[in-house]
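Asks: Can you read through this structure? Questions will come right after.
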Amino acid sequence: MQVIKRDGRAVDFDKSKIEIAIGKANLEVSKKERATKEDIDSIIEFIVNQNKKRMLVEDIQDIIEEKLMECEKYELAKKYIVYRYTRALVRKSNTTDESILKLIRNENKELAEENSNKNTVIASTQRDYIAGEVSRDLTRRILLPEKISKAHDEGILHFHDADYFVQPIFNCCLINIGDMLDNGTVMNGKLIETPKSFQVACTVTTQIIAAVASNQYGGQSVDLKHLGKYLRKSKEKFKKAIVDEYGDKLKEDIIDGIVDERLRYELSSGVQTIQYQINTLMTTNGQSPFVTLFLHLEDGDEYIEENAMIIEEILKQRYQGIKNEKGVYVTPAFPKLVYVLDECNCLKGGKYDYLTHLAVKCSAKRMYPDYISAKKMRENYEGNVFSPMGCRSFLAPWKDENGNYKFEGRFNQGVVSINLPQIGIIANGDENKFWKLFDERLELCKEALMCRHNALKGTKADVSPIHWRYGAIARLEKGQVIDDLLYGGYSSISLGYIGIYELTKLMTGESHTTEKGHDFAIRVMKHLDETVKKWKAETNIGFALYGTPAESLCYKFARIDKEKFGIIKDVTDKGYYTNSYHVDVREKIDAFEKLKFESEFQTLSRGGAISYVEVPNMQNNPKALEEVVKFIYENIQYAEFNTKSDYCQVCGYDGEIKINDDNEWECPQCGNKDHAKMNVVRRTCGYLGENFWNAGKTKEIKARVLHL
């Protein structure tokens, strides 16, 4: 039997804990009032005979009190109740000691695996985690309604980012980088004026990214189209300097050649600044900025040629990689890249197809960029093409007072995700029961989301000047509150969901890829979509349905349900739930089928959606990937490749890494056995941190990995 502790942890039932607790209470009463060994054994036997796979610690304590009363040990029962109450007061005063001490001793593996981009050994990162543990504790005990905290602990829903909830900060955003560069900004009380060159614009951009990352907890996105004008400024500056110095002494073509050479050098240096600054900066939350670069060539853009040059240089440098401490080129975690396929570059003979060829080559080696189909996105978002926020969530179209669409300078207030398979387990195939319970739990999610919204109300612009006063989101006055930006759909607030596949299996006996399963799954998706629209109409808040890319949550929900309901075929037996609407990884379905199938679900998940296809190492066959890219443009809004990419970070070996006779991963080239310095996982989850052997010492990795 598993005992569920107050902090949500599951531990094995230990009868000695009961013996010790009653024993301590025995010492407080006279001998005739004490429980005998037989009394204690009888209580333990009664608890064991409940034959439950899972019991709350509070339920066990209630049984002990009742049984002591039945034995007429009234004084002892009173002492036990007082003892229990005293322990509760101690817990309520501080419940973070052990988790923080484990973190400092580097024994808190749950935190170590929670975010692969944060190294829990480093002092600055530990400081953020310590603050996060305190915030999580205050959130659970004091800030959230008890029923929300309990629902979170029982896997009914997941209240994302509770480790930052104590502060009035938000999730993710699209930085209004164009406004900040063109009109200047302020950082640390210092005025940053409009850049006069591309190199300076790149430096200022990375400074803005770092400042933004330190004042929010989610990702951010930057549309690089705004840098094109600064590349042209550099070109004009170089040409003027040469003409001023040499006048008529040089021919026009020679001047152009010199300018082009200098410009290429400036371009390379500027892009390198962005890449290296982002990967070497450490923000106040103990990691590199979680940033996405949006690569889109817009038809009619005055600076489209300059932007094409910038995109080409970014892809070239990403293909090359960044040197690690051993001097080996490795794949950087950030910035993430999102490449837009449009008529000019969708491999149908367009002018900029050469960029897409390079992007595909880069994907085959470095796993990025992701791909957005401008064609499909325009169908879903009123003709607009814009970047997802760093966390892959999308904003809804919104118009300013002049009737112009605006996306940059907007943000997400937070996320709560619902565990769909758990509802299916309880409903046990009964649709009436399912829909009733589904609506009840959706209302609970709404209440949790309103906690996030209400926590931001009344926030003053001074809390994060880079966001609210100096252009990243707005240019409010000192002391002004942000409340107007929380309503009217200007910002979004997201309902995530996990496990459409498992829910469909439970309710229909079939996958959602079959006709019967598909019908049910679409009804569920439509109900989710209609529910957030209803909430938006009721509250004037931008509720959105978000296909949550939260891989660790797939494992948390599955673990809780397995402990509570046991092993259920095709549901809890896998150790994970499928993310959002995705097809289960074990289904036999080709890349084209999968993308086409999932595209229907993306149109119902406008607050955030991404699909992926698993492919083998394709570095020597990029043409095959190009066929998939062509298909993406015509059929699905947002997709990525998950490539088999074993890679040794010590020597640079880029081939298959196998397990040796001692059950250890070992690089065949240099003999490296340090898991933290090799990538032996699939991009299904993107986890690149330390891997841990399971209890059976088998060839399974206990990380956020769906399959090997």
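Asks: Ignoring ligands, DNA and RNA, what percent of the accessible area of the chain is carbon or sulfur (1.4 Å)?
Replies: Details: 15290 of 30920 Å².
Looking at the chain in its full context, I get 49 percent from C and S.
Asks: Could you work out the relative contact order of segment 498-553, using alpha carbon pairs under 8 angstrom and six or more residues apart, expressed as a whole percent?
Replies: Numbers: 41 pairs, mean separation 12.2, N = 56.
Across segment 498-553, relative contact order equals 22 percent.
Asks: Same structure, new question: Assign one of three labels to segment 329-473, namely rounded, prolate or oblate, based on the Cα gyration tensor with a ≥ b ≥ c the square roots of its eigenvalues; rounded applies when a/c is under 1.5, prolate when it is not and a/b is larger than b/c, and oblate otherwise.
Replies: Values: a/c = 1.94, a/b = 1.34, b/c = 1.45.
In terms of gyration-tensor shape, oblate.
Asks: Expressed in nm to one decimal, what extension gain is obtained for the pair Glu614 and Ala537 from 0.36 nm per residue of sequence separation less their Cα-Cα distance? Please list the in-between numbers first.
Replies: On the way: separation 77, 0.36 × 77 = 27.72 nm, distance 3.90 nm.
Extending this stretch completely gives an extra 23.8 nm.
Asks: Greater than 28 Å separation of Cα atoms is the criterion. Which listed pairs, Lys433/Lys536; Lys436/Lys533; Lys53/Lys588; Lys336/Lys460; Lys17/Lys446; Lys196/Lys225, meet it?
Replies: Values: Lys433/Lys536 26 Å; Lys436/Lys533 19 Å; Lys53/Lys588 34 Å; Lys336/Lys460 31 Å; Lys17/Lys446 39 Å; Lys196/Lys225 17 Å.
Distance filter (> 28 Å) returns Lys53/Lys588; Lys336/Lys460; Lys17/Lys446.
Asks: Before rounding to the nearest 500, sum -39500 (n - 2.57) across all DSSP H runs of length at least 4 in the chain and divide by the residue total; then give [θ] at 222 nm in deg cm²/dmol. Write down the numbers at each step before the final one.
Replies: Values: 23 runs with 318 residues, N = 708.
It comes out at -14500 deg cm²/dmol, rounded to the nearest 500.
Asks: Suppose every K and R has +1 on its Cβ and every D and E has -1 on its Cβ; what is the size of the dipole of the chain about the Cα centre, in Debye to the nearest 20? Kindly include the intermediate steps, with their values, before the conclusion.
Replies: On the way: 102 positive and 107 negative charges, 251 e Å.
Dipole magnitude for the chain comes out near 1200 debye.
Asks: Moving on. For segment 475-487, in order, what is each residue's ³J(HN,Hα) by Karplus, 6.51 cos²θ - 1.76 cosθ + 1.60 with θ = phi - 60°, in whole Hz (x at glycine and Pro)?
Replies: Per residue, the Karplus-derived 3J(HN,Hα) values read 10, 7, 7, 4, x, 6, 8, 8, 3, 4, 7, 8, 10 Hz.
Asks: What residues qualify as long-range amide H neighbours of Asn672, i.e. H under 5 Å apart, gap of 5 or more or another chain, H built at 1.01 Å from N?
Replies: Cys667
Asks: Below 8 Å, C-alpha to C-alpha, sequence gap of six or more: please give me the relative contact order for segment 510-636 in percent.
Replies: On the way: 116 pairs, mean separation 31.4, N = 127.
Answer for segment 510-636 is 25 percent.
Asks: Return the sequence-ordered ³J(HN,Hα) values of segment 289-306 in whole Hz as given by the Karplus equation 6.51 cos²θ - 1.76 cosθ + 1.60 applied to θ = phi - 60°, using x for Gly and Pro.
Replies: These are the phi-based 3J(HN,Hα) values: x, 7, 10, 10, 9, 9, 10, 9, 9, 8, 4, x, 5, 4, 10, 4, 5, 5 Hz.
Asks: For the chain, rounded, prolate or oblate, judged on the Cα gyration tensor with a ≥ b ≥ c (square roots of eigenvalues), a/c < 1.5 rounded, else prolate if a/b > b/c? Could you put the intermediate results ahead of the total?
Replies: Working: a/c = 1.88, a/b = 1.77, b/c = 1.06.
It is prolate, given that a/c is not under 1.5 and a/b is the larger ratio.
Asks: Still on this structure: What residue among Val204, Asn49, Phe294 has its Cα farthest toward the positive end of the dipole of the chain, where the charges are +1 on Lys, Arg and -1 on Asp, Glu, each on the Cβ?
Replies: Asn49
Asks: So how do 576-583, 130-137, 201-208, 519-526 stack up, highest first, on mean other-Cβ count within 10 Å? Let's see the in-between values first.
Replies: Numbers: 576-583: 25.4, 130-137: 19.8, 201-208: 22.2, 519-526: 17.6.
In decreasing order of mean packing, 576-583, 130-137, 201-208, 519-526 become 576-583, 201-208, 130-137, 519-526.
Asks: Amide H neighbours of Phe543 under 5 Å, at least 5 residues apart or on other chains, H built in the peptide plane: list them.
Replies: Correct list: Ile493, Lys536.
Asks: Only Lys, Arg, Asp and Glu count, each charged at its Cβ (+1, +1, -1, -1), so figure out the dipole size of segment 429-526 about its Cα centre, rounded to 20 debye.
Replies: Details: 14 positive and 14 negative charges, 80 e Å.
Rounded to the nearest 20 debye, it is 380 debye.
Asks: Sticking with this structure for a sec: Pulled fully out, how much extra length does the chain show between Lys150 and Asp12, if you take 0.36 nm times their separation in residues and subtract their Cα-Cα distance? It would help to have the intermediate numbers written out before the result.
Replies: Numbers: separation 138, 0.36 × 138 = 49.68 nm, distance 2.03 nm.
Separation in residues times 0.36 nm, less the Cα-Cα distance, equals 47.6 nm.
Asks: Taking θ as phi - 60°, what are the ³J(HN,Hα) couplings along segment 274-279 by the Karplus curve (6.51, -1.76, 1.60), each to the nearest whole Hz, with x for Gly and Pro?
Replies: Listing the rounded values in order: 4, 5, 6, 4, 4, 7 Hz.
Asks: Next question. Just to be sure I understand: of the beta bridges DSSP finds with both ends in the chain, what percent are antiparallel, rounded to 5?
Replies: 45
Asks: If you don't mind, there's one more thing I want to ask. How much area per residue is accessible in the chain when the probe is 1.4 Å and only protein heavy atoms are counted (Å²)? Write out the running numbers ahead of the final one.
Replies: On the way: 30920 Å² over 708 residues.
Normalised by residue count, the accessible surface of the chain is 44 Å².
Asks: Separate question: Given H placed on each backbone N at 1.01 Å, which residues far from Asp223 in sequence or on other chains put an amide H within less than 5 Å of it?
Replies: Hits under the 5 Å cutoff: Ile177, Phe294.
The values are calculated or read from the model by the stated rules, or taken from the named source; none is laboratory data. What you see is a predicted model, and the numbers here were worked out from it, not measured in a lab. Note that we place each Cβ from the backbone using ideal geometry, even for glycine, and neighbour counts take in every protein chain shown. When the accessible area is computed, the model is the full protein with side chains, heavy atoms only, and any ligands, DNA or RNA have been set aside. Shrake-Rupley method; radii C 1.70, N 1.55, O 1.52, S 1.80 Å.
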